[in-house]
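Please treat every number below as a calculation from the coordinates, not as lab data. Computed from a predicted structure; not experimentally measured. A quick note on method: Cβ atoms are made from the backbone with ideal geometry, for glycine too, and the neighbour counts reach across all protein chains shown.
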């Protein structure tokens with residue numbers, strides 16, 4: 001996937017992350033261990049460069065950790081992303097957490113500034129492709145439709161979810 005295919009506008013996104021070994025999280029406000037497995041993280045991109053800049057940061061494994069998710073993306077590998085301009089990170093987090101196979105591995109992860117969500121990170125057993133995640137979200141957020149990055153972003157209708165796989 002080419003980064004220029006991701007809109008440089010504000011929006012929300014989900015990352016699919018593979019973690020091959022347990023990861024100890026020990027920050028001032030969050031402590032626990034994430035077991036090896038597949039994770040989905042919901043985030044938002046409101047700053048300069050929008051979703052393109054934020055997702056590029058997550059793909060960079062040599063960054064200095066700042067957010068909770070940085071520790072996971074450095075220790076694991078981002079295997080895919082789904083992103084949209086039509087809904088917020090809380091709606092994405094709640095939609096993916098509603099899957100029957102999803103569990104919250106660490107309360108407060110990625111949601112320290114959120115009063116609505118238990119966490120913005122969920123663990124999904126097995127290997128889950130972004131297409132499956134996008135389908136789960138589409139089923140819950142009725143206004144969204146699934147589109148893949150093979151479609152030029154300019155041709156995708158407002159409210160569409162974009163999905164890409166990196167493996």
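Between residue 100 and residue 60, what FRET efficiency comes out of the Förster formula 1/(1 + (r/R0)^6) with R0 = 41 Å and r the beta carbon distance, rounded to 0.05? Calculated transfer efficiency: 0.80. For residue 33 and residue 5, a Förster radius of 41 Å and the Cβ-Cβ distance give a FRET efficiency of 0.70, rounded to the nearest 0.05. Using the beta-carbon distance between residue 46 and residue 74 and R0 = 35 Å, what value does 1/(1 + (r/R0)^6) give for FRET efficiency, to the nearest 0.05? E between residue 46 and residue 74, to the nearest 0.05, is 0.95.
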